[in-house]
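Presented below is the structure to which this report refers.
Read-outs throughout are calculated quantities, based only on the coordinates presented, and are distinct from any laboratory measurement. Since this is a predicted model, take the numbers as computed values, not measurements. Neighbour counts run over all protein chains shown; Cβ positions are idealised from the backbone, glycine included.
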Amino acid sequence: MTSTSASATDPAPIVACTVSRDVQNFDLLIEDMEAILGESWGDLGFDEALPFLGQPDAAHLEFIAMAIDAIDEPDIAKLGKIIAGAKARGVKIVLIAEDVTPSALHQLLRLGADEFIPYPLPEGELAAAVERIRRPDPVLQAAPQAQGVKLKGDGDGVLIAVQSLAGGAGASTLASNLAYELVSVSKDKPPRVCLIDLGLQFGSIATYLDLPRRESVLELLSDTESMDGDSFGQALVSFEDKMQVFTSPADILPLDMLSPTDVQRLLDVAREHFDYVIIDMPGTLVNWTETVLTEAQVYFAMVELDMRSAQNTLRLKKALMSEDLPFDKLRFILNRAPKFTDLQGKARVKRMADSLGIALDVQFPDGGKVVMQACDHGQPLANHAAKNPLRKEISKLAANLLALGNSDAEAA
């Protein structure tokens with residue numbers, strides 16, 4: 001290796017190393033490491049990694065890129081020791097995995113890997129991971145956010161889930177705005193509201209509310225067995241000191257990284273500390289969808305007046321009924337519904353509902369471009385466009401949910 005300093009004879013300090021069975025199996029990784037670090041990196045085998053970490057040459061090491069594939073899964077214990085050795089020396093770990101089972105990936109992330117990138121490497125992902133590693137976490141530097149959220153227990157929160165049955169049907173928009181409206185409807189005694197984004201891959205709640213994604217989210221999801229109110233509070237971010245948000249992780253994770261037991265623990269802790277828990281569900285069915293569906297008091301399914309929504313509703317109905325799951329619990333919301341004066345559109349809505357055997361009692365108007373503008377600016381519609389017709393309908397829905405919750409509480 002040549003020097004990057006003024007002296008042409010001094011070797012460049014090693015700031016990163018690849019650790020793999022054979023780095024030649026990961027040619028894209030080699031290209032990205034060279035593009036990012038030049039010659040300031042090295043390559044190690046699994047047996048060489050731990051001894052190297054104890055040598056003076058590792059003094060400037062910032063991170064190791066551990067590249068594994070399905071063949072390496074039997075060596076999880078050895079890989080875990082390397083991760084532990086690197087963590088003990090303050091060295092970050094970027095995990096790069098190809099064809100690795102979710103259980104193995106979950107175990108390695110739980111052992112302390114800081115970043116996860118699937119292989120083949122998406123363009124620019126390694127560079128972005130390195131930048132995150134080198135950049136101090138603004139959340140950890142900013143008080144009082146670094147202290148997390150102090151939670152009060154003894155709750156029995158109402159669980160409300162929201163899921164789109166077609167891409168772009170508006171579930172995340174509804175989830176973020178409904179949560180904000182719930183804490184805004186009552187000025188005297190607003191309820192405690194927690195918004196949870198379970199879109200582990202492309203969750204957008206953090207974007208829609210302009211919130212940072214905490215590293216503690218991944219840590220919490222990787223070890224739900226030890227989760228309690230304090231650790232859950234550390235993963236939350238406060239929005240305007242009104243509601244708490246559990247964002248999706250900073251990195252893309254497999255949806256089946258979480259088990260139904262993991263999700264059950266998360267829901268139990270959230271409901272214990274909040275009056276209302278809003279869940280933004282991923283657009284796909286996963287092995288823990290049944291858990292949320294069973295636990296939720298209200299499960300909103302967002303559709304539009306088009307063929308894809310109709311077909312997906314039929315497929316979902318068939319899937320749930322074949323497993324004896326409560327399809328009747330789903331409350332369908334028609335987004336971008338026809339205007340009141342559009343009689344032909346109203347007739348199409350009725351035909352769609354009748355043919356699918358569902359009720360479309362809740363219909364949201366098209367809020368127009370201003371809705372996406374509010375999302376891009378990281379603001380609820382109540383702040384960005386309070387008079388928008390979509391915002392007014394979401395506010396009405398929030399008021400109805402609060403009234404229903406209050407009546408149930410009085411009856412109890």
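Quick look at the numbers
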read-out: Of (1) 24.3, 82; (2) 22.8, 70; (3) 21.1, 64, the label for Rg and Dmax of the Cα atoms in Å derived from the coordinates; value: (1)
read-out: Percent RCO, i.e. relative contact order, over the chain, from Cα pairs under 8 Å lying at least 6 residues apart; value: 15 percent
read-out: Chain lengthening between ASP241 and ASP361 when straightened (0.36 nm per residue, less Cα-Cα); value: 39.9 nm
read-out: Proximal lysine pairs, region 264-412, alpha carbons under 25 Å, eight or more residues apart or interchain; value: 24
read-out: Relative packing of peptides 178-184, 38-44 - highest average C-beta neighbours within 10 Å first; value: 178-184, 38-44
read-out: Karplus 3J(HN,Hα) series, Hz, for region 279-293 with 6.51 cos²θ - 1.76 cosθ + 1.60 (x for Gly, Pro); value: 10, 8, 7, x, x, 10, 7, 10, 5, 10, 4, 4, 4, 5, 4
read-out: Degrees, to the nearest 10: 102-111 long Cα axis against longest axis of the chain; value: 60 degrees
read-out: Note, ³J(HN,Hα) from phi for region 25-31, Karplus 6.51, -1.76, 1.60, rounded to Hz, x at Gly and Pro; value: 6, 10, 5, 5, 5, 4, 4
read-out: Antiparallel DSSP beta bridges within the chain, percent to nearest 5; value: 5 percent
read-out: Rough spin-label spacing in nm, given labels placed 7 Å along Cα→Cβ, for LYS339 and ASN400; value: 2.3 nm
read-out: Packing rank of 67-76, 199-208, 185-194, 167-176, where each peptide gets the mean count of other beta carbons within 10 Å, highest leading; value: 167-176, 199-208, 67-76, 185-194
read-out: Cα shape, region 16-135, gyration tensor, a/c 1.5 rule; value: rounded
read-out: Net lengthening on full extension, ALA347/LYS392 (0.36 nm per residue, minus Cα-Cα); value: 13.8 nm
read-out: Assigned charges on the beta-carbon of Lys, Arg, Asp, Glu; region 255-315 dipole about Cα centre (debye); value: 180 debye
read-out: Mean separation of Cα contacts under 8 Å, 6 or more apart, over the residue count of region 206-290: relative contact order %; value: 30 percent
